[in-house]
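*Asks:* I am attaching a structure below and will ask some questions about it afterwards.
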Amino acid sequence: EKKFVINFSAGPAKLPETVLRQAQKEMVDYQDTGVSVMEMSHRSADFSKILNTAEQNLRELLEVPDNYKVMFLQGGGTGQFSAVPFNLMKLKPGESNAAVFVFVLRALNLYMINLFPLHAPSNLTPLCSDFPAIPEPSTWNLNPEASYVYYCANETVHGVEFKTIPETNGVPLVCDMSSNILTRPIDVSKFGVIFAGAQKNIGCAGVTVVIVREDLLGHAMDLCPSIFNYQVQASNNSLYNTPPTYSVYIMGLVFNWIKGQGGVASMDRNSSVKSSAIYTVVEESEGFYCCPLDAACRSRTNLPFRIGSVEGNDALEKKFLEEATKAGYLQLKGHRSVGGIRVSLYNAVSVEEANLLAGFMRNFMAENR
Ligand code: PMP
């Protein structure tokens, strides 16, 4: 029995306890093989089965069409910030160009740092605003000649989530789904590339899911590192180099768990119920809890808010975090760049757990307003 806690971390984040218990049971001796998954060759029959089953289950959960490759790579989301331009910038002959949809400058900077000095920043068309919000689609002015359009489906720091898929009129769409993958059904056929680090919704750190439409393979720049080359990895079934084997195994257990819970439809329903429970407390607090984001783009997985005023009241926020930690509600501190409170409600956090936190927030408000 472990002590009562609810882990609201933004990532690496809570895993389903049944997954951890199964990993514990199998850690030293995986299914009577006499060895741990950590000790297996990535080319062994046992590991191949783990990898192929994980891929099959992900395909099923996301209804991935047959003309898409699914890869399990290393390097995290940050690795993909570089892999995407390496693989796609040359899709269009002549001067390469990419449109990047980022709604906060910091995220744009991160992406630019990873492109630069490969591309002059002028080759990037940033569509962004300082205030975390999604600009009106009518103002987007997308370049039809761009090699691809890039966006982040759920921005983890400020809690901004796209509720619909941007229309790019045939320009390949690339999406970072690190913080909301498998929390809602998506039409994979609308995307050129989808990627997501595992450590939030689907497993532990170390493995990155990359889903690529087949016609986008084979266009990588000469200087693209082989481990990031989609064509190389896809044609080797993610085994060009040693994949993060244990992280793939844990992710496979999480996929089984999601299937057992009723699949993505069930994660989607839970996600709405959980986030509503918290946002309702914020809305009904008459300014005690403040979330300035437009309701239309509020994230269901990362819910940031301030206490006392829009700018936050340091003393009250400190008290909130101390009392929450004492009660077992962990990792609620906002990202260091924005401060305040952030509640992350990934798949492994249950409806009951979100409701408990909502109750705690109500009590804290009653005692401190
Ligand atoms: N994309 C998103 C949406 C993220 O939240 C993060 C990290 N929090 C990253 C990319 C970077 O991922 P990594 O740390 O795996 O490189």
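What follows is calculated from the coordinates using simple rules that are stated; it is not laboratory data. Everything numeric in this text was worked out from a predicted model, so none of it was measured. Note: ideal-geometry Cβ built from the backbone for every residue, glycine included; neighbour counts use all protein chains shown.
*Asks:* Provide the three semi-axes, in whole Å and in decreasing order, of the ellipsoid equivalent to the chain as defined by the square roots of 5 times the Cα gyration tensor eigenvalues. Write out the running numbers ahead of the final one.
*Replies:* On the way: eigenvalues 227, 166, 53 Å².
Result for the chain: semi-axes of 34, 29, 16 Å.
*Asks:* Along the Cα→Cβ direction, 7 angstrom out, place labels at ALA366 and LYS90. What is the inter-label distance in nm?
*Replies:* That separation, rounded to one decimal, is 6.5 nm.
*Asks:* The chain: longest stretch without exposed GluC sites (Glu not before Pro) (DSSP loop, at most 13 other Cβ within 10 Å), sites themselves excluded?
*Replies:* Within the chain, the longest run free of exposed GluC sites (Glu not before Pro) spans 168-283.
*Asks:* Placing +1 at every Lys and Arg Cβ and -1 at every Asp and Glu Cβ, with all other atoms neutral, what dipole size does the chain have around its Cα centre, in debye to the nearest 20?
*Replies:* Working: 31 positive and 36 negative charges, 98 e Å.
Taking the Cα centre of the chain as origin, the dipole is about 460 debye.
*Asks:* Let me ask something else about it. With a 10 Å cut-off between alpha carbons and a GNM built on the chain, which of GLY170, GLY339, GLY77 moves the most?
*Replies:* Comparing GLY170, GLY339, GLY77 in the GNM, the peak value goes to GLY170.
*Asks:* Give the residue from ILE50, ASN363, ALA205 lying farthest towards the positive end of the charge dipole for the chain; charges sit on Cβ (+1 for Lys and Arg, -1 for Asp and Glu) and the dipole is referred to the Cα centre.
*Replies:* About the Cα centre, the residue reaching furthest to the positive side is ASN363.
*Asks:* Sum -39500 (n - 2.57) across every DSSP H segment of at least 4 residues in the chain, then divide by the residue count to get the 222 nm mean residue ellipticity, nearest 500. Please list the in-between numbers first.
*Replies:* Working: 9 runs with 128 residues, N = 369.
Helices in the chain give a 222 nm mean residue ellipticity of -11000 deg cm²/dmol.
*Asks:* Express in nm, to one decimal, how much length is gained between ASN169 and THR78 on full extension, taking 0.36 nm for each residue of separation and deducting their alpha carbon distance. All intermediate terms of the calculation are to be shown ahead of the outcome.
*Replies:* Numbers: separation 91, 0.36 × 91 = 32.76 nm, distance 2.71 nm.
Here the segment from ASN169 to THR78 would lengthen by 30.0 nm.
*Asks:* Here's something else I'd like to know. Give the dimensionless ratio obtained when the Cα radius of gyration of the range 218-367 is divided by 2.2 N^0.38 Å. Each step should come with its number before you reach the end.
*Replies:* Values: Rg = 20.3 Å, N = 150, 2.2 N^0.38 = 14.8 Å.
The value comes to 1.38.
*Asks:* Among the listed pairs LYS2/LYS326; LYS274/LYS318; LYS69/LYS259; LYS200/LYS318; LYS25/LYS274, give every one whose C-alpha distance is greater than 19 Å.
*Replies:* Working: LYS2/LYS326 15 Å; LYS274/LYS318 24 Å; LYS69/LYS259 21 Å; LYS200/LYS318 25 Å; LYS25/LYS274 30 Å.
Table pairs above 19 Å Cα-Cα are LYS274/LYS318; LYS69/LYS259; LYS200/LYS318; LYS25/LYS274.
*Asks:* A further question on this structure: Nearest 0.05, what FRET efficiency do LEU239 and ASP66 give at R0 = 30 Å with Cβ-Cβ as r? Intermediate results must be reported in sequence, preceding the final value.
*Replies:* Numbers: r = 20 Å, r/R0 = 0.68.
Result of the calculation: an efficiency of 0.90.
*Asks:* Same structure again: Shape of the range 4-76 from its Cα gyration tensor (a ≥ b ≥ c, root eigenvalues): rounded if a/c is under 1.5, otherwise prolate when a/b > b/c, or oblate? Please report the intermediate quantities before stating the final value.
*Replies:* Numbers: a/c = 1.96, a/b = 1.07, b/c = 1.84.
Oblate.
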